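Before any comments, here is the structure.
The numbers here are math on the coordinates, done by the rules we state, and not lab data. Just so it is clear, the structure is predicted and the values come from calculations on it, not from any experiment. Cβ coordinates were reconstructed from backbone atoms using ideal geometry, including for glycine residues, and neighbour counts include every protein chain displayed.
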Amino acid sequence: MSTAMPAGRGRLRIYLGAAPGSGKTFAMLREGRERVAAGEDVVIGFVETYGRPRTVQATGRLEVVPRLEVPYHGTVLGEMDLDAVLERRPHAVLVDELAHTNAPGVRHAKRWEDVEGLRDAGIDVVTTLNVQHIESVKDLVEHITGIAVRETVPDRVIDRADEIHFTDIAPEALRKRMRHGNIYAADTVETALGNFFRPGNLAALREIALRMVAQRSGDGRGDVRPPPQDVLVAISGRDSSEALIRRGVRIARRFGGLCTVVTVVRPVEASHQAVARARAVADLLQCSLIVRESADVARELVRVAQELDSRHLVLGESPNERSLWRRLRPALLDRVVDELPGVDVHVIARFDGARRRRPAPPRVALRRHPEDLLRDLAPPPRGALRVYVGYARGCGATTAMLEEGRRRRERGTDVVVAAATTSGRSECEGALAGLELLGGRGDEPPPDRLDVLAVLRRSPDVVCVDDLAAPDIDGHTRAEVVSQLVDAGITVLATLHVGDVRSTVRALGGPGNGGRPLVDDSVLDLADEVELVDVVPSVLDDRLRRGDIVPPGQVEAALRGEFRPELLSRLRTMAFRLIAQHTDRRLVAYMHERSIERPWEARARVMVCIPPRPNQEKLIRRAASLAGSLDGELRVVTVRTRQRSEAEKAHLDAYAALAAELGGEFVTLHHSEAAPALAGYAKKILATEILLSRGRDQHGHWSKGTVHKLVWMLSDVDIHILARRRSDERPVAIRGTATQPRRLPPVGGSL
């Protein structure tokens, strides 16, 4: 069947995942089947099933456009036949693996270029992508995983997508999926689990993806934002330059500005190869490249920054540079700081783009007490808690929970449903089929109240408990009593609405969940696995209007109430951040366990350093604003090197109160010298950003010597030397912790 070509440019929907095996292709194929069932003309342009049974089955009866066969080095490669798809002219086409590199001889070198061609022809495209293939975070992924990323997609393709649907899976669940043989062949599983699929890698990649989509979903809220701030990145042309450009691009995206790259070469040292390499990266990341020839590097950097009126200058400090360059570096830093008083200077400490680990301390074998050995042999039984989080009714969290229960039952696990609300939705009813209902038959409605004692008497391996904010038979919220089931050795599959979480309700400004009981954020700390069931708002709107969520007579009221677009966007952003914070806590614990000192730039940990002098409030508020825009942590740090006066103590007491008001933590370090104390604490908390004021020592600010020492003592940390004037900055409260939630600030940028 062929239809008339749609008018205008085709829409692009991306299913984004943190790693292979997250279910992106499966979700894309499911959407294709649903659209065909609704009467839409959809074909498969290219899908790679890798022989995975569920993926092969998911193709169903979808029409497949035959692949283009390309001879290559004695074999034949199958690629998407772009011309055949264009001739077929469907309304929408499913195209797997957006970052794929086409075989030589195909019209375009990259599949994303094929997708752009389809969109130009007015064809909608649904595609898949893993976060490690996004150009601006390529260096982060390589730093975290230690594995080179060969294929990338320019950020502009992601920016121009109409919708990004995040396909979430907890790292633990993905590793289980690997062991079940659902992703790779059995003989490669253990190797993969010990390399790319290590728990820390998966957690970090997941957090990067969550925060990236959170930033994008928050961009359309219409909040008042500060003016864009442009960034200038100074590179030397060495190997570290490519990663430094990406860091500068992320800073520019954070502030909504443009990124320009400058390299200053001495006429006798000009390297055309280095310049060409830098230009290629800059073009890929949509940056301008300026090349200046001069023997005075600092003077040219100052001149370019002034010409462009840049608000930020990014410099990299590499430990591998020549000793002569090392001796010149302090003079360069001092000059740009002194001659650009209105520019924030970011020094990326010892930036070499490589990943290092401190050797783990040797384990000492101790003689164990016999009773301890017996306890190890017979540990107390404990189940697991897996929570599916949705941001609105109709997202599919209940369906996801029941489908997981059904899969476990098919593997021979004893599964019961103790409480579920299907509301007559066909997907939920289908997922419920075949599962045992506690105290009832399979053809009866599932129980709507949790009976903990009945579950304990039944003692299944796994129990499904829908809606943790709903009551049990005694009137307690299910979140309050679910630990009893876990402690009894029962694994609990549960669902949670982000609008019922205490920190979310407070961030929205008070009671907003219809008077339902609130669930404390600590339930997520109890959970072993937390997954977000993401649905883009347009799909949710379609489900609502079809009557899949509420009866037809209630649709208009729902559109004006809990399903109004601005509220859905806000809740979705909060859901991403909630899961990201849970992931980050696990990630930090993993990094400390592995003695990893160099921070992974997944979540920002902002550290602002203040002296015991007056007028530091603005610096603290600037740090809070930065932490808020990045949804990061805030630490306000001072170093006590001597006995303090009563006036100094009073200033610090006021700063501690301000830090608490802004949702941060105030810390006093004791040391004879500031730089070692600050560097040691930064390593301890895995700080990613350190803010220092610029000023003169007689005013009590940090000396230049402190800055230089921090640069040499730290690795991969963005040290901000702040401009002296910021009259246009306004204080923004950062989001607090689970125990001290704050109003969310406007989302100002990406990682």
Legend entry - Charged-residue dipole, Cβ positions (Lys, Arg, Asp, Glu), segment 444-529 about Cα centre, Debye nearest 20: 240
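For a test of the definition: using alpha carbon positions, the gyration tensor, and the 1.5 limit on a/c, classify segment 547-679 as rounded, prolate or oblate. Write out the running numbers ahead of the final one.
Details: a/c = 4.47, a/b = 2.04, b/c = 2.19.
Taking the square roots of the gyration eigenvalues as a ≥ b ≥ c, segment 547-679 is oblate.
Find how much the distance from Q286 to V70 grows on full extension, using 0.36 nm per residue of separation minus their present alpha carbon separation; answer in nm with one decimal.
Details: separation 216, 0.36 × 216 = 77.76 nm, distance 3.18 nm.
Separation in residues times 0.36 nm, less the Cα-Cα distance, equals 74.6 nm.
If you add up the charges near M178, with Lys and Arg at +1 and Asp and Glu at -1, over every other residue whose beta carbon is less than 13 angstrom from its beta carbon, what do you get?
Working: positive: R52, R175, K176, R177, R179, R198; negative: E172, D187, E190.
Neighbourhood net charge equals +3.
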Inset, instruction - Provide the packing ranking of 466-476, 384-394, i.e. peptides ordered by the mean count of other C-beta atoms within 10 Å per residue, highest first. - result: 384-394, 466-476
Inset, instruction - Mind ranking 332-342, 599-609 by how tightly packed they are, going by the mean number of other C-beta atoms within 10 angstrom, highest first? - result: 599-609, 332-342
Inset, instruction - Give a residue-ordered list of calculated ³J(HN,Hα) values for segment 445-462 (Karplus: 6.51 cos²θ - 1.76 cosθ + 1.60, θ = phi - 60°; whole Hz; x for Gly, Pro). - result: x, x, x, 9, 10, 7, 10, 4, 4, 5, 5, 5, 5, 6, 6, x, 6, 9
Legend entry - Environment charge at E69 (Cβ cut-off 11 Å; Lys +1, Arg +1, Asp -1, Glu -1): -1
Inset, instruction - Rounded, prolate or oblate: pick one for segment 126-204, where a ≥ b ≥ c are the square roots of the eigenvalues of its C-alpha gyration tensor, a/c under 1.5 means rounded, and failing that, prolate if a/b is larger than b/c, else oblate. - result: prolate
Inset, instruction - Using +1 at the Cβ of each Lys and Arg and -1 at the Cβ of each Asp and Glu in segment 552-652, identify which of I579, P565, P612 lies farthest towards the dipole's positive end. - result: P612
Inset, instruction - Quickly work out the E293-to-A121 label distance, labels modelled 7 Å from Cα along the C-beta direction, and quote it in nm with one decimal. - result: 4.8
Legend entry - Approximate spin-label separation Q306-D162, in nm, with each point projected 7 Å along Cα-to-Cβ: 4.9
Inset, instruction - Sort segment 90-226 into rounded, prolate or oblate with this rule: let a ≥ b ≥ c be the square roots of the eigenvalues of the Cα gyration tensor; rounded if a/c is under 1.5, and if a/c is not under 1.5, prolate when a/b is larger than b/c, oblate otherwise. - result: oblate
Inset, instruction - List every residue whose amide H lies under 5 Å from the amide H of I164, counting only residues 5 or more places away in sequence or on a different chain, with H placed 1.01 Å from N in the peptide plane. - result: I14
Inset, instruction - Take the Cβ-Cβ distance between I685 and E617 as r, set R0 to 22 Å, and report the resulting FRET efficiency rounded to the nearest 0.05. - result: 0.45
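Say R0 is 30 Å: what FRET efficiency, to the nearest 0.05, do L456 and E661 get from their beta-carbon distance? Before the final figure, lay out each step's value.
Working: r = 45 Å, r/R0 = 1.50.
With R0 = 30 Å, the Cβ-Cβ based efficiency is 0.10.
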Inset, instruction - Under a cut-off of 15 Å between alpha-carbon atoms, report the aspartates and glutamates in cross-link reach of K709, not counting same-chain residues fewer than 8 places apart. - result: E317, D334, E673, D718
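Given the C-alpha atoms of segment 428-544, compute the convex hull and give its volume per residue in Å³. If you can, show how the numbers build up before the last one.
Details: hull volume 15.7 nm³, N = 117.
Each residue corresponds to 134 Å³ of Cα convex hull volume.
Reported to two decimal places, what Rg/Rh ratio describes segment 59-102 when computed on Cα atoms with Rh from the Kirkwood expression? Mind showing how you got there, number by number?
On the way: Rg = 12.0 Å, Rh = 12.0 Å.
Reported Rg/Rh (Cα atoms, Kirkwood Rh): 1.00.
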Inset, instruction - Between A84 and T668, with labels modelled 7 Å along Cα→Cβ, what's the label distance in nm to one decimal, could you check? - result: 7.4
Legend entry - segment 17-134: antiparallel DSSP beta bridges as a percent of all, rounded to 5: 35
Legend entry - For L289, distant residues with modelled amide H under 5 Å away: V261
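So, R0 is 41 Å and r is the distance between the beta-carbons of V275 and E48; what FRET efficiency does that work out to, to 0.05?
0.60
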Inset, instruction - Amide H neighbours of L313 under 5 Å, at least 5 residues apart or on other chains, H built in the peptide plane: list them. - result: L232, D344, V345, H346
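Grab the Cα-Cα distance for A148 and D474, subtract it from 0.36 nm times how many residues apart they are, and report the gain in nm with one decimal.
Numbers: separation 326, 0.36 × 326 = 117.36 nm, distance 5.50 nm.
Length gained between A148 and D474: 111.9 nm.
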Inset, instruction - Express in nm, to one decimal, how much length is gained between D525 and T413 on full extension, taking 0.36 nm for each residue of separation and deducting their alpha carbon distance. - result: 37.8 nm
Inset, instruction - With θ set to phi - 60°, apply the Karplus curve 6.51 cos²θ - 1.76 cosθ + 1.60 along segment 182-188 and write out the HN-Hα couplings as whole Hz, x wherever there is a Gly or Pro. - result: 8, 10, 10, 4, 4, 6, 10
Inset, instruction - At a temperature of 37 °C and a viscosity of 0.692 mPa s, determine how fast segment 20-145 diffuses translationally according to Stokes-Einstein, using the Kirkwood radius over alpha-carbon pairs as Rh; express D in µm²/s, rounded to the nearest whole number. - result: 213
